[in-house]
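The block underneath contains the structure these notes are about, expressed in structure tokens.
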Amino acid sequence: MKQKGYVVDQKGLMLTVQISRTTACGDKCNDCSGGCEKKVINVDLINNLGASVGNMIEIETDTRTIIRAALVVYILPLVFMFFGMILVNYGLDIMGKESSEIFMLFGGLFFLTISMLVIKAIDHKVSHKKGSVFRITKVMKD
């Protein structure tokens with residue numbers, strides 16, 4: 001996936017780049033009347049092509065990495081929640097108790113909370129990893 005960014009700060013070999021997040025309608029907000037708000041994110045990148053403050057740059061992202069991250073953030077909590085509900089139901093069955101939706105709900109919520117802690121740990125590990133998800137591919141001089 002390729003995006004454009006604007007270099008706003010430089011500290012040694014590191015650049016701070018502003019990237020506009022794209023909207024679900026493909027940035028045609030006047031057409032869809034969705035009232036979306038375009039948000040900007042700041043990303044720190046290694047300056048491998050000699051860009052400077054004020055330059056527009058092209059940034060490439062590995063699509064597989066983005067898809068993996070989306071799966072972790074959106075699917076993992078659901079899997080944990082359902083696992084918690086099934087585990088509580090199975091535990092009640094082993095104890096000879098009748099299945100209770102309220103206990104299953106609390107089990108699901110408990111495991112949902114655990115999934116958030118797992119996601120936070122994964123995020124912490126990935127954010128401290130050497131290298132970046134983004135890579136500068138082209139500098140467009142002023």
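Please state which of the following conditions Ser20 fails to meet, knowing it meets all the rest: (1) modelled with pLDDT under 85; (2) more than 30 Å from Arg135 (Cα to Cα).
Checking Ser20 against (1) modelled with pLDDT under 85; (2) more than 30 Å from Arg135 (Cα to Cα), the one that fails is (2).
Does Gly96 satisfy being assigned to a helix (DSSP H, G or I) and not assigned by TED's automatic domain parsing to the domain that holds Asp9?
Spelling it out, it is not the case that Gly96 is assigned to a helix (DSSP H, G or I) and not assigned by TED's automatic domain parsing to the domain that holds Asp9.
Suppose the filter is touching a Phe, Trp or Tyr at 6+ places or on another chain (Cβ under 8 Å), more than 30 Å from Val7 (Cα to Cα) and either outside any loop (DSSP other than H, G, I, E, B) or modelled with pLDDT of 90 or more (or both); does Gly108 pass it?
Judged against the criteria, Gly108 is a match.
So, Ile57, is that one at pLDDT below 85 and closer than 22 Å to Met1 by Cα or not?
In short, no.
Here are the criteria: (1) surrounded by 12 or more Cβ atoms within 10 Å (Cβ to Cβ); (2) within 19 Å of the chain's Cα centre (by Cα); (3) of a type in the set (Gly, Ala, Ser). Tell me which single one Ala121 does not satisfy.
Failed condition: (1).
In the range 57-105, which residues are touching a residue at least 40 places away in the same chain (Cβ under 8 Å), touching a Phe, Trp or Tyr at 6+ places or on another chain (Cβ under 7 Å) and of a type in the set (A, V, I, L, M)?
Ile59
Do you know which of the residues in the range 42-80 that are assigned to a helix (DSSP H, G or I) and among the hydroxyl-bearing types (Ser, Thr, Tyr) is surrounded by the most Cβ atoms within 10 Å (Cβ to Cβ)?
Result: Thr65.
The values are calculated or read from the model by the stated rules, or taken from the named source; none is laboratory data. Every value quoted in this text rests on a predicted model; they were computed, and no experiment measured them. All Cβ positions, glycine included, derive from the backbone under ideal geometry; neighbour counts span all protein chains shown.
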